[in-house]
1. Let me check something: with ligands and nucleic acids excluded, how do TYR114, TYR24 order by accessible area (1.4 Å probe), largest to smallest?
2. With only alpha-carbon pairs counted, each pair once and no self-pairs, how large is the Kirkwood hydrodynamic radius of the chain in angstroms?
3. Return P(r) of the stretch 1-49 (all Cα-Cα pairs; 10 Å bins starting at 0; whole %; ordered from short to long distances).
4. Springs between alpha-carbon atoms under 10 Å, Gaussian network over the chain: tell me which of THR78, THR28, THR102 tops the mean-square fluctuations.
5. With every protein chain in place, what's the accessible area of ARG131 (1.4 Å probe, Å², nearest 10)?
6. Can you sort PHE29, PHE144 by 1.4 Å-probe accessible area, starting with the largest?
7. For LYS51, go through the lysines and keep the ones whose alpha-carbon is under 20 Å away, minus same-chain ones fewer than eight residues off.
8. Please calculate the 1.4 Å probe accessible area of ASP25, with all protein chains present, and give it to the nearest 10 Å².
Amino acid sequence: RLKALGNTLYLTADDDADRELWQYDGITFRKIDINPNGGSLPIDVALIHNKLYLVAAPTYDGHTVRGELWQYDGTAVTKLVLDPAIAMPRNLLAVDDMLYFTATEGNDEELWRYDGAKLTKIDVNRQGSSRPSNLAVVGRTLYFSANGEPKTAHELWALSLNDSGTEIFLPLIRR
């Protein structure tokens, strides 16, 4: 994925050994090495103001860990441990000052919102895993597909970005 911040382009690419995050200023490529002892495998990137959020799966002692959420501020890369109970973040989407993503909590995969300080779970199925996916923003509405209560099929959901209410919008064809 490619993301631009000012006059700098961020991308994931392979070097001679591993897949890493890179920045390109129009003249020079610079590797942003999340894990100097092995690969980083960055797989998802979102940009909020001058901070880059990414999911990476670093390799430690020859073993790749599950995806972790990281933040890059232009000088340093920091691992974000927002809640030790959540794992495998993915589907990053930046909207205004908010980062939306999906992650697992125990056996449930849910939608999450991070405002830079507070983490909030957006759970449309309190009886089990919502398994949200396909996040997209149109106007001031975040659309996503998820399993709702009590149904087990994926449906289209809409989240107003003006408040915290979630409502069913339109059933999708069941998969």
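1. Final ranking, largest accessible area leading: TYR24, TYR114.
2. 17.2 Å
3. Histogramming the stretch 1-49 at 10 Å steps yields 26, 55, 19, 0 percent.
4. THR28
5. Approximately 120 Å² of ARG131 is accessible to the 1.4 Å probe.
6. Correct descending sequence by accessible area is PHE29, PHE144.
7. LYS3, LYS31, LYS79, LYS118
8. Per-residue accessible area (ASP25): approximately 80 Å².
The values are calculated or read from the model by the stated rules, or taken from the named source; none is laboratory data. Keep in mind that what you see is a predicted model, and the values were worked out from it rather than measured. These area figures cover heavy atoms from the full protein model, side chains too; ligands, DNA and RNA do not enter into them. Shrake-Rupley method; radii C 1.70, N 1.55, O 1.52, S 1.80 Å.
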